[in-house]
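These notes concern the structure reproduced below.
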Amino acid sequence: MKHADHLQALFELGEIHEDEAWLDYPAYGLSEADVPALLELIADRSLHNADYDSNEIWVPHHAWRALGQLGSVRSVEPLLMLLEDCLAEDIWAAEELPVVMGMIGVDAIAPLADYLNDRSHSEETRIIVAESLKSIALEWGN
């Protein structure tokens with residue numbers, strides 16, 4: 001699959017290290033217009049199942065970090081759908097999606113609260129959502 005040059009950069013960034021600051025993804029030319037493509041990358045199971053030593057396995061991680069930095073409110077509900085579908089097993093997602101939601105801010109509260117209150121969702125995903133609400137409170141509460 002061929003991506004626009006600025007999206008192709010996500011395939012070249014490679015491994016993320018926990019102790020390093022997040023890259024500045026908008027500096028790679030990413031914008032709100034790229035939200036649908038970023039969500040597609042996050043949903044792409046072939047990327048999640050890529051060889052651990054490849055750059056491709058890190059693409060979804062870079063994509064959700066970019067969504068957070070873009071403050072993409074319209075990505076909240078699709079990310080919640082992906083959480084149940086393919087992200088719940090991803091340890092990085094469990095740690096970083098609350099940070100992403102914290103970056104998106106108070107506009108994410110209503111969909112997160114709705115998700116949290118829906119007992120049909122797994123306990124694991126609802127914990128991630130609760131952590132997301134906590135992250136927003138810590139980031140935006142004054």
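The values are calculated or read from the model by the stated rules, or taken from the named source; none is laboratory data. Fair warning: this is a prediction, and the values are worked out from it, not measured in the lab. In this analysis, Cβ positions are derived from the backbone assuming ideal geometry, glycine residues included, and neighbour counts consider all displayed protein chains. We work out accessible area using only protein heavy atoms, side chains counted, and drop any ligands, DNA or RNA first. Shrake-Rupley method; radii C 1.70, N 1.55, O 1.52, S 1.80 Å.
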**Message:** Projecting each Cα onto the charge dipole of the range 40-142 (Lys/Arg +1, Asp/Glu -1 at the beta carbon, about the Cα centre), which of ALA43, GLY141, MET101 comes out farthest on the positive side?
**Reply:** GLY141
**Item:** Sequence-separation-based contact order of the chain, relative, with Cα cut under 8 Å and 6+ spacing, percent
**Value:** 21 percent
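Taking a 1.4 Å probe, which of ARG45, ARG65 shows the most accessible area, and what order do the others take after it? Intermediate results must be reported in sequence, preceding the final value.
Numbers: ARG45 110, ARG65 10 Å².
Solvent-accessible surface, decreasing: ARG45, ARG65.
Treat every Asp and Glu Cβ in the chain as -1 and every Lys and Arg Cβ as +1, leave all other atoms uncharged, and give the resulting dipole magnitude about the Cα centre to the nearest 20 debye.
For this selection, approximately 480 debye.
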**Prompt:** Can you give the FRET efficiency for ILE91 and ASP5, using 1/(1 + (r/R0)^6), R0 = 35 Å, r = Cβ-Cβ distance, to the nearest 0.05?
**Reply:** 0.70
**Request:** Give me the distance in nm between label points sitting 7 Å out from Cα along the Cα-to-Cβ direction at LEU23 and GLU124, one decimal.
**Result:** 2.7 nm
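Need one word for the range 23-141: rounded, prolate or oblate. Basis is the Cα gyration tensor (sqrt eigenvalues a ≥ b ≥ c); a/c below 1.5 gives rounded, then a/b vs b/c decides.
Because a/c hits 1.5 or more and a/b fails to exceed b/c, the range 23-141 counts as oblate.
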**Fill in**
Descending accessible area (1.4 Å probe), largest on the left, turns ILE127, ILE104 into ILE127, ILE104
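For the range 18-103, which whole-number percentage of the solvent-accessible area (1.4 Å probe, protein heavy atoms only) is attributable to carbon and sulfur atoms? Don't skip to the end; give the middle numbers.
Working: 2070 of 3990 Å².
C and S atoms contribute 52 percent here.
Can you bin the range 12-78 into rounded, prolate or oblate? Criterion: square roots of the alpha carbon gyration tensor eigenvalues sorted a ≥ b ≥ c, rounded for a/c under 1.5, prolate for a/b above b/c, oblate for the rest. Walk me through the numbers on the way to the answer.
On the way: a/c = 1.98, a/b = 1.27, b/c = 1.56.
In terms of gyration-tensor shape, oblate.
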**Request:** For HIS121, tell me the accessible area in Å² from a 1.4 Å probe, rounded to the nearest 10.
**Result:** 40 Å²
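Could you list the chymotrypsin sites (Phe, Trp or Tyr not before Pro) in the range 27-75 that lie in coil according to DSSP, counting only those with at most 16 other Cβ atoms within 10 Å of their Cβ?
Here the chymotrypsin sites (Phe, Trp or Tyr not before Pro) that fit, given the DSSP loop and packing criteria, are TYR52.
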**Request:** Apply the membrane-span-like helix rule to the chain: whole DSSP H runs, Cα extent along the own long axis of at least 18 Å, mean Kyte-Doolittle hydropathy at least 0.5. List the helices found.
**Result:** 91-104
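Please give the per residue accessible area of the chain, computed with a probe of 1.4 Å over protein heavy atoms only, in Å². Before the final figure, lay out the partial values.
Working: 7530 Å² over 142 residues.
Ligands and nucleic acids excluded, the figure is 53 Å² per residue.
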**Asked** How far, in nm, would the chain grow between MET81 and ASP114 when pulled straight, counting 0.36 nm per residue and subtracting the alpha carbon separation?
**Response** 10.6 nm
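For the range 46-142, which GluC sites (Glu not before Pro) are both in a DSSP coil and crowded by at most 14 other Cβ atoms within 10 Å? The partial results should precede the final answer.
Numbers: sites: GLU56, GLU84, GLU89, GLU95, GLU96, GLU123, GLU124, GLU131, GLU139; in loops: GLU89.
Listed in order of number, the matching sites are GLU89.
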**Prompt:** Of SER120, SER75, SER46, which has the largest mean-square fluctuation in a 10 Å C-alpha GNM of the chain?
**Reply:** SER120
